[in-house]
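Undergrad: Would you mind keeping the following structure in view while I ask a few things?
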Number of protein chains: 2
Amino acid sequence: MKETEYLEIIKKELSDSSLIGDDCAFLPNDTTKNSGLFITQDSLVENIHFKLSTITPYQLGKKSVNVNLSDLASACAQPLYITISLSLPDSLGREFVREFYKGVNDVCTACNIKVAGGDLTGADRLYISICAIGKKTSKYNISRKNAKYDDIVVTTGFHGDSAGGLELLNKGIKADNSLIRAHLEPEAQLQKSGILSKAADFDFAMMDTSDGLADALYKISNDSAVSVEIDFDTVPVSKELKKLFPETYKSLVMWGGEDYQLLFCIRPEIYKKLDKKQFFKIGRITKPEGKNVVKIKDGEKLYIINKEVFDQKSFKHFGEK
Amino acid sequence: MKETEYLEIIKKELSDSSLIGDDCAFLPNDTTKNSGLFITQDSLVENIHFKLSTITPYQLGKKSVNVNLSDLASACAQPLYITISLSLPDSLGREFVREFYKGVNDVCTACNIKVAGGDLTGADRLYISICAIGKKTSKYNISRKNAKYDDIVVTTGFHGDSAGGLELLNKGIKADNSLIRAHLEPEAQLQKSGILSKAADFDFAMMDTSDGLADALYKISNDSAVSVEIDFDTVPVSKELKKLFPETYKSLVMWGGEDYQLLFCIRPEIYKKLDKKQFFKIGRITKPEGKNVVKIKDGEKLYIINKEVFDQKSFKHFGEK
């Protein structure tokens with residue numbers, strides 16, 4: 001079963017599901033208007049999201065935190081606290097815990113985040129669940145529902161590298177390579193999120209591309225009830241990815257996950273003010289034509305992502321790697 | 001390795017471990033003095049904390065939330081939000097998710113809590129991690145470090161029932177029995193926590209007895225640098241437990257976990273004001289004598305819990321049930 005199907009069941013069972021839908025939920029402050037906290041929780045499961053044979057405990061500590069910080073970045077929230085629940089087989093032992101927390105601590109120190117507890121239990125496989133809390137920094141509301149006709153669609157960096165890195169690791173390649181690094185050591189786009197937070201003067205749509213670029217485009221199109229038109233040639237793709245995957249890189253760019261870049265839709269006047277070396281225009285929001293779709297123009301070719309394509313191709317959370 | 005040993009490693013690696021130590025961490029509000037939020041995260045792992053053959057998905061949903069609410073209760077925090085990360089084998093399917101969330105929703109509705117997201121991933125075993133956020137309601141600080149000489153040691157209900165229920169379940173008994181119910185359907189002591197929050201007029205020590213009564217007594221004694229003297233005859237024990245476990249019930253009362261009662265230490269003047277049918281005096285805080293110890297008087301017998309006894313007997317998080 002797909003994550004979206006489970007989500008439908010969950011929404012049906014909850015009396016109030018109004019806080020569910022974006023990567024983060026906003027918890028308003030009851031004493032100060034216009035302020036409040038964002039909360040997000042994400043889990044990494046051994047052999048589903050990572051293999052201990054390809055990632056070091058230190059890298060895993062860093063990645064586990066960054067995955068959650070990326071969700072805060074996508075809400076223009078400034079990270080403040082995390083809690084960490086670690087369930088592990090006793091065989092991993094103290095050296096694993098030490099290295100994992102060294103990674104956690106390095107990210108927390110760099111981003112001025114405090115670890116506010118969590119728990120530690122046994123398990124027969126390693127399981128990591130992190131909850132991250134951040135402060136609202138933008139006066140405006142950010143949600144994947146906010147894309148509007150004529151918005152510019154923007155992203156913050158390379159797509160496909162992480163999925164390419166994963167393919168290399170799965171082939172047994174462990175060389176020091178930018179794709180493998182992208183997969184094992186992703187960094188949440190907190191600085192760019194901060195720049196955008198200051199530049200915006202209106203509610204806008206944003207999410208991270210943790211589940212893939214096409215996935216994020218489709219979700220924004222669907223939740224905002226708009227269509228999206230992308231020019232594939234303008235999507236940032238690394239030379240390394242094209243070189244190592246000359247036949248398949250386009251699919252990795254669109255459908256590979258875990259690049260943890262930001263994807264947002266913003267008014268042209270605001271986009272003009274942004275640094276074009278950090279923020280890449282890849283398309284625009286068009287009026288829905290009957291159904292909301294994502295159109296990807298690739299030279300003469302046109303790919304359409306509609307519900308059927310999305311359901312079939314989107315990143316599977318429930319499959320083994 | 002024991003949880004406490006892992007915790008020492010974690011504290012060593014973190015540049016700032018000041019928020020670690022109690023069941024909840026307090027996140028101060030930077031705009032309003034004396035207000036703020038509490039956060040806690042707890043995980044339940046299949047075959048470590050529960051078996052799907054003995055607990056229904058509905059009960060598991062309720063219990064997973066209550067386990068976290070109990071941590072908030074132990075900080076006199078009023079629950080506001082939870083996030084839920086569920087990792088499950090696809091074979092469990094939609095019926096499991098529906099029933100689990102029905103249980104979650106029933107607790108949330110009763111306690112006026114909103115579900116603020118989380119995530120859903122695959123796994124080869126069921127893994128549940130919940131993060132709960134609550135509001136500070138007491139003007140005073142509550143920590144297991146706050147027990148003082150001459151405080152009265154108080155608890156809120158039966159101990160040992162949950163561990164007795166687990167023993168029955170492990171023997172294959174599934175009758176409708178108060179011990180089994182105590183194990184499968186624990187309830188966080190939010191109301192009693194609220195009463196105490198209003199009654200207290202000073203910082204005090206409190207925690208829940210999720211890891212056992214003796215465990216909680218020892219941790220308070222150790223963290224507050226005091227000794228504790230308990231009169232076993234005054235500890236609330238159910239008739240059912242004595243009847244079904246005539247030989248072993250005392251050990252279940254002291255060392256069995258998951259009763260999710262509150263244990264607190266408070267000045268005698270405050271204890272006088274509390275309802276004696278809801279709050280049970282079981283002992284008092286004495287001056288440390290060389291080392292901090294817990295003394296349990298049982299008629300003519302005297303049991304001492306010191307570091308060695310604690311290390312040997314405390315609830316093992318890392319063992320299979």
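Nothing in this text is a laboratory measurement; each read-out follows from the coordinates by a stated rule. These numbers come from a predicted model, not from an experiment. All Cβ positions, even for glycine, are placed from backbone atoms using ideal geometry, and neighbour counts span all protein chains on display.
Undergrad: Please report, to two decimal places, log10 I(q)/I(0) for the stretch A:156-256 at q = 0.10, 0.13, 0.17, 0.21 Å⁻¹ as given by the Debye formula with identical point scatterers on the Cα atoms and no solvent.
TA: After summing over all Cα pairs, the log10 values are -0.32, -0.53, -0.85, -1.15.
Undergrad: Between the alpha-carbon centers of the stretch B:4-19 and the stretch A:33-83, tell me the distance in whole angstrom.
TA: If we compute the Cα centre of each part, the gap is 19 Å.
Undergrad: When a footprinting reagent is the concern and you count Cβ atoms within 10 Å, what order do B:THR40, B:THR56, B:THR209, B:THR121 take, fewest first?
TA: Result, fewest neighbours first: B:THR56, B:THR121, B:THR209, B:THR40.
Undergrad: Sorted from largest down, what three extents in whole angstroms do the Cα atoms of the stretch B:71-149 have along their principal axes?
TA: 54, 25, 17
Undergrad: In chain B, what cysteines have no partner Cβ closer than 4.7 Å?
TA: B:CYS24, B:CYS76, B:CYS108, B:CYS111, B:CYS265 - these cysteines have no disulfide-compatible partner (Cβ-Cβ under 4.7 Å) in chain B.
Undergrad: Hey, in the GNM for chain B with a 10 angstrom Cα cutoff, which one of B:CYS24, B:CYS111, B:CYS265 fluctuates hardest?
TA: Comparing B:CYS24, B:CYS111, B:CYS265 in a Gaussian network model of chain B, the most mobile one is B:CYS111.
Undergrad: Mind telling me which of B:LYS295, B:LYS250, B:LYS171 comes out most flexible in a GNM of chain B, alpha-carbon contacts under 10 Å?
TA: Maximum fluctuation in the GNM of chain B, among the listed residues, is at B:LYS171.
Undergrad: Semi-axes, largest first, in whole Å: what does sqrt of 5 times each Cα gyration tensor eigenvalue give for the stretch B:79-207?
TA: Semi-axes, largest first: 32, 22, 13 Å.
Undergrad: Quantify how much of the Cα-Cα distance distribution of chain B extends past 38 Å, in percent.
TA: 11
Undergrad: Test of understanding: express the Cα radius of gyration of the stretch A:3-136 as a ratio to 2.2 N^0.38 Å, with N the residue count.
TA: Taking N as the residue count of the stretch A:3-136, the ratio is 1.14.
Undergrad: Wrap a convex hull around the Cα atoms of the stretch A:244-303, take a quarter of its surface area, and give that in square nanometres.
TA: Value for the stretch A:244-303: 6.2 nm².
Undergrad: Where the convex hull is taken over the Cα atoms of the stretch B:175-219, what is its projected area averaged over directions, in nm²?
TA: Taking a quarter of the hull surface, the average projection is 4.3 nm².
Undergrad: Hey, another quick one. Just rank A:LYS62, B:LYS102, fewest to most, by other beta-carbon atoms within 10 angstrom.
TA: Lowest to highest Cβ neighbour count: B:LYS102, A:LYS62.
Undergrad: If the viscosity is 0.692 mPa s and the temperature 37 °C, what translational diffusion coefficient in µm²/s does Stokes-Einstein give for the protein assembly as shown when Rh comes from Kirkwood over Cα pairs?
TA: 127
Undergrad: Given a 10 angstrom Cα cut-off, can you work out which residue in B:LYS277, B:LYS192, B:LYS287 is the most mobile in a GNM of chain B?
TA: Result: B:LYS277 has the largest fluctuation of those listed.
Undergrad: Rg and Dmax of the stretch A:46-93, Cα atoms, in Å?
TA: Final numbers for Rg and Dmax: 12.9, 39 Å.
Undergrad: Based on other C-beta atoms within 10 Å, arrange B:PHE38, B:PHE202, A:PHE96 from fewest to most.
TA: B:PHE202, A:PHE96, B:PHE38
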